[in-house]
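Structure record follows, encoded as structure tokens.
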Amino acid sequence: LNTNSLPSLERIQCLINTAVEINVLESNPNDLDSVGKEKIRQIQLNSCKRKEFADWQGVTRALYSEINPLQLPEVLALVSKVHGQSELYIALKSSIAGVISTVN
């Protein structure tokens, strides 16, 4: 194990705090899916946060390659709505092959 590539304890604590904040803010006993959905919106649909969490967990796969190409337009619309135009461009760059594959 290469300890040079491990994040600092402060960075790990920050990542944990992000997840816990989402748990607290989205706690709704009437909608158990809301916490998971919000974590997806806040972490997986944000390229910087997703990269941090992926690096921390040792994951190297691309998120958009695993999404059904027919669902990509909806995912990209959600990225734009939640995180804005700059994140949308990053998402488009990462998913362009899947988007093009849906064009007839």
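Let me know the shape class of the stretch 52-104, please: from the alpha-carbon gyration tensor, a ≥ b ≥ c as square roots of the eigenvalues, rounded when a/c is under 1.5, otherwise prolate if a/b is greater than b/c, or oblate.
Here the stretch 52-104 falls in the oblate category.
May I ask for the angle, rounded to the nearest 10°, between helix 9-25 and the longest principal axis of the chain, with both axes built from Cα atoms and the value confined to 0 to 90°?
Taking Cα atoms only, the helix is inclined about 70 degrees.
Give me the angle, in degrees from 0 to 90, between the Cα long axis of helix 47-57 and the longest principal axis of the Cα atoms of the chain, rounded to the nearest 10.
50 degrees
Sequence gap at least 6, Cα distance under 8 Å: using those rules, report the relative contact order of the chain to the nearest whole percent.
22 percent
Rounded to the nearest whole Å², what accessible area per residue is found for the chain with the 1.4 Å probe?
72 Å²
How large is the Kirkwood hydrodynamic radius of the chain, counting all unique pairs of alpha carbons, in Å?
15.2 Å
Round to the nearest 10 and give me the degree value, 0 to 90, for the angle of helix 72-83's Cα axis relative to the longest principal axis of the chain.
That works out to roughly 50 degrees.
Determine the share of the chain's accessible area contributed by carbon and sulfur atoms, expressed in whole percent, with a 1.4 angstrom probe.
Within the chain, the accessible surface is 56 percent carbon and sulfur.
With runs of 4+ DSSP H residues as the only contributors, calculate the mean residue ellipticity of the chain at 222 nm using -39,500 (n - 2.57) per run, divided by the residue total and rounded to the nearest 500.
-19500 deg cm²/dmol
The values are calculated or read from the model by the stated rules, or taken from the named source; none is laboratory data. Treat the numbers as computed from the prediction; the structure is a model and nothing was measured. All accessible areas refer to the heavy atoms of the entire protein, side chains included, with ligands and DNA or RNA removed. Shrake-Rupley method; radii C 1.70, N 1.55, O 1.52, S 1.80 Å.
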